[in-house]
Amino acid sequence: MPMIDKTRELEPAANAAAPLGWDGLTLREMLERSEALFAETGHYHGLEEFSLKSSDPLHYEKLFSRVRGGMVSARETALNISASPIVRELGEITFALYTPEGDSVALSTGIIVHVHTMSEAIKFMVRGGWEDNPKIRPGDIFANNQPSIGDVHPADVQTFVPIFNPEDPGELLAWAGGVIHVMDIGASTPGGVPIGPTTRYEDGIDLHCDKIGEGDELHSSHIRRCTMMSRAPGLWMLDERTRLSGCHMIRDAIERLVLEEGAETIKTFMREAIEDGRREFKSRVRGLLVPGRYRSPGFQEAFFGDKEQLPARARRDLILHGAYEARIDRDGHWTTDLTGSSAWGWHPFNATFSGQQGMMWILFTQTLICNDKINDGAYYGTTLEITPRTWCDIADMPGSSSTPWAPMFATSTGYMRSVSRALQSRGYIEEIVS
């Protein structure tokens, strides 16, 4: 027998931890069941009928107002106590509540792009077995800014705090998430939107849903690493503590709500709120737009051919093509199709699949769901199709994603044109964007 196996026999046996999910399931099992029920029924978590909303609609609306009020209160408090100018003056901050398997229930005001990017990050942890390693415990703090996991670009730093059930402390009830666009991410050139990087190795501080704290305290190693790598360490720490404070405020608000309403009521509410959001989104699409295919490509120029400070392979003048098509079905399902766009390249304008999800949310929340009931329900009424290894979805290629907004905005003018054509076809002339 190898010596390492002999020494392990001398170690005390580790007690198998009980699953964290609802109904005795692991978080991964919860996610897989949710996805299977949606695939089978077309309804979020198989909810074809509402129990809470149908039996007591006023109570349902009250719960939604209280939950969303907790998100907004956390954001406004964090915004006004922060000394970071990007938070206090520009409002580059948002908070949201998520189910244990990572679906958004409610979102604060702020940079609403991240309603689903944070969802992708939580699902990355769930699928990756974070429940077992590095484990998820009360008081833990996680952080992500990796666009390939769940983000738009590295300067959008996300903080996640698990919320455990006050009635059953071993059960994960929800997640609180917050995101801030930081002033400097430590990339090869300064700022929160650096143009200099040409590979992901130059994109700066890289957090892969890392556990950055325990017992509600940030790890000293995380603080030292990030402050050494950022050109604005003071502002970084202000933002770090602002996100954490907001997440803790959300945790406190949800725990109080559970103590008042009961955990089962809150669980039922969270799932119904997401399915309600899905139905409302599809209803608005059916009521405002005309089914069909809408095509409107976009282009983004970049003149890097004379930039001698760049590597030779990056010194090129670019025209990035975004092949935009929107398909609207009769039942109100929306498909965004970006297949056929330009290839990825050695420049900072490459996006990820998660980044494109964020772009979709910016567009939807300014037009079709411009109300307070924004959550992942609308995500379940949409499909995003992209060719991997294009600038639209860099996939496993090593290019930089530090500034994907330029081509994403240029391409997404196709969304506004498509919606405008559909609105005009319905006769809503005053709503179109010329």
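Counting only protein heavy atoms and using a 1.4 Å probe, what share of the accessible area of the chain belongs to carbon plus sulfur, as a whole percent?
52
Taking only protein heavy atoms into account and a 1.4 Å probe, give the accessible area per residue of the chain in Å².
Here the residues of the chain average 42 Å² of exposed surface.
Sort 285-295, 173-183, 381-391, 340-350 for me by packing, meaning the mean count of neighbouring Cβ atoms within 10 Å per residue, highest on top.
Put in order of decreasing packing, that is 173-183, 340-350, 381-391, 285-295.
With the Cα gyration tensor of segment 256-383 in hand, give its eigenvalues times 5 under a square root as the equivalent ellipsoid semi-axes, listed largest first in whole angstrom.
39, 21, 10
Counting helices only, and only those DSSP H runs with n ≥ 4, report the 222 nm mean residue ellipticity of the chain as the sum of -39,500 (n - 2.57) divided by its residues, in deg cm²/dmol to the nearest 500.
My calculation for the chain gives -13000 deg cm²/dmol from helical runs alone.
On full extension of the chain, what length is gained from residue 89 through residue 36, given 0.36 nm per residue of separation minus the C-alpha to C-alpha distance?
Length gained between residue 89 and residue 36: 14.7 nm.
Around residue 126, what is the net charge, scoring Lys/Arg as +1 and Asp/Glu as -1 over all other residues with Cβ under 10 Å from its Cβ?
So the environment of residue 126 carries a net charge of -1.
Please report, largest first and rounded to whole Å, the three semi-axes of the ellipsoid equivalent to segment 15-120, where each semi-axis is the square root of five times an eigenvalue of the C-alpha gyration tensor.
One finds semi-axes of 30, 20, 14 Å for segment 15-120.
What list of ³J(HN,Hα) couplings, whole Hz, do you get for segment 64-73 from phi and the Karplus terms 6.51, -1.76, 1.60, once you set θ to phi - 60° and write x for glycine and proline?
4, 4, 5, 5, 5, x, x, 5, 5, 4
Taking R0 as 30 Å, what FRET efficiency do you get between residue 80 and residue 49 from their Cβ-Cβ distance, rounded to the nearest 0.05?
Efficiency at R0 = 30 Å is approximately 0.10.
In terms of the ratio Rg/(2.2 N^0.38 Å) built on C-alpha atoms, what value belongs to the chain?
Dividing the Cα radius of gyration by 2.2 N^0.38 Å gives 1.01.
Taking 7 Å along the Cα-to-C-beta vector as the label spot, tell me the residue 132-residue 409 distance in nanometres, rounded to one decimal.
Distance between label points: 4.5 nm.
Please report the orientation-averaged projected area of segment 46-172, defined via the convex hull of its C-alpha atoms, in nm².
Convex hull of Cα atoms, orientation-averaged projection: 9.6 nm².
For segment 132-192, report the translational diffusion coefficient in µm²/s to the nearest whole number, using Stokes-Einstein at 10 °C, 1.306 mPa s, and a Kirkwood Rh over Cα pairs.
120
Give the Cα extents of segment 361-434 along the principal axes, in whole Å, largest first.
46, 28, 20 Å, listed from the longest principal axis down.
Once Lys and Arg get +1 and Asp and Glu get -1 on their Cβ, which of 320, 36, 248 lies farthest toward the positive end of the dipole of the chain?
Value: 320.
The values are calculated or read from the model by the stated rules, or taken from the named source; none is laboratory data. Remember, predicted model here, so these are calculated numbers, not experimental data. FYI the Cβ positions are ideal-geometry reconstructions off the backbone, even for glycines, and counts take in every protein chain you see. SASA here: full protein model, heavy atoms, side chains in, ligands and nucleic acids out. Shrake-Rupley method; radii C 1.70, N 1.55, O 1.52, S 1.80 Å.
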